[in-house]
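For reference, the structure is listed below as structure tokens.
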Amino acid sequence: MEQQMPVRLYDAGDMAKVYCAKCEGCGKCCHGMTDTIHLDPYDVDMLTKGLRKTFEQLMGSTIALHNEDGLVLPHLRMEDGENGACPFLGADGRCTIHAIRPGYCRLFPLGRDYSQETHTFRYFVTDNGCDMPGKMKVRISKWLGIPDLPRYEKFVTAWHYYIKDVKKVMAESDDAAFRESLNMFLLKVFYETPYDEKEGFYYWFDKRLEKARSVL
């Protein structure tokens, strides 16, 4: 049996071949994503503030809900059809919300490799990423373009493991009413309720996460 090469892992300060010098806005990576562009609380906070709309106003038009292992969370709602486009894709093939685009979009064609032992993650280049030739190296932190990246990475990790714990609780419970109540609670606490700009997103996320963990 052929031995697979180990995946190379990167830190935010490392250089990786992810920049497409020949990208002319083909928009291929913005089609056919169905319900895979999951939105975390940071994504929704950026969208609601940037678009000046509430979570409820975005629901049904550009945001929809998906059920994964009993857990209901939001994702970008693609246009109808198997190859449906992102609702924020412009006619020129470019993103119309590039400055506030979701984390999944910022990450592409990178993925995250989480360590259960250290509760941290590192980046890797996905096998099914952009197939356009002419890739050039760019520093990952620059590619992501997120202010205070270390704090953002801390948030991403905390959210990842919290959701993992929620899925475990969901799987172990036979109480449908409890699962429904927990889903409504998560949507209300982390998505529907705005984050006050004075203290900032991370401050309030930490407060809400502490409260949410007490529920589990």
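Within the range 122-181, the set of residues being in contact with a Phe, Trp or Tyr (Cβ under 9 Å, 6 or more places away or on another chain) and hydroxyl-bearing (Ser, Thr, Tyr) comprises Tyr123, Thr126, Tyr152, Thr157, Tyr161.
Does the range 66-89 hold any residues that are closer than 23 Å to Ser181 by Cα and open to solvent by 100 Å² or more (accessible area, probe 1.4 Å), and which are they? Answer for the range 66-89, where residues must be closer than 23 Å to Ser181 by Cα and open to solvent by 100 Å² or more (accessible area, probe 1.4 Å): Asn67, Asp69. Of all residues in the range 29-41, those that are assigned to a helix (DSSP H, G or I) and open to solvent by 30 Å² or more (accessible area, probe 1.4 Å) total 2.
Does Ser115 satisfy the condition of being surrounded by fewer than 17 Cβ atoms within 10 Å (Cβ to Cβ) and within 20 Å of Asp14 (Cβ to Cβ)? Answer is yes for this residue.
So that you can scan it fast, the table gives a plain yes or no per residue for (1) open to solvent by 60 Å² or more (accessible area, probe 1.4 Å); (2) touching a Cys at 6+ places or on another chain (Cβ under 6 Å); (3) modelled with pLDDT of 95 or more:
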residue: Ala91; (1), (2), (3): yes, no, no
residue: Pro102; (1), (2), (3): no, no, yes
residue: Tyr123; (1), (2), (3): no, no, yes
residue: Arg139; (1), (2), (3): yes, no, yes
residue: Val156; (1), (2), (3): no, no, yes
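Checked across the range 108-115, the condition of being modelled with pLDDT of 90 or more, part of a helix (DSSP H, G or I) and in contact with a Ser or Thr (Cβ under 8 Å, 6 or more places away or on another chain) holds for no residue. Among the residues making up the range 202-212, those that are open to solvent by 90 Å² or more (accessible area, probe 1.4 Å) and at pLDDT 95 or above are Tyr203, Lys207, Glu210. When we screen Lys198, Lys168, Lys164, Lys188 for residues that are farther than 19 Å from His38 by Cβ and either at pLDDT 95 or above or open to solvent by 70 Å² or more (accessible area, probe 1.4 Å) (or both), the only hit is Lys198.
Looking only at residues of the range 45-65 that are touching a Lys or Arg at 6+ places or on another chain (Cβ under 7 Å) and closer than 24 Å to Ser181 by Cβ, we find that the one that is least open to solvent (accessible area, probe 1.4 Å) is Ile63.
The values are calculated or read from the model by the stated rules, or taken from the named source; none is laboratory data. Every value quoted in this text rests on a predicted model; they were computed, and no experiment measured them. A quick note on method: Cβ atoms are made from the backbone with ideal geometry, for glycine too, and the neighbour counts reach across all protein chains shown. Note: areas computed on protein heavy atoms with side chains; ligands, DNA, RNA excluded. Shrake-Rupley method; radii C 1.70, N 1.55, O 1.52, S 1.80 Å.
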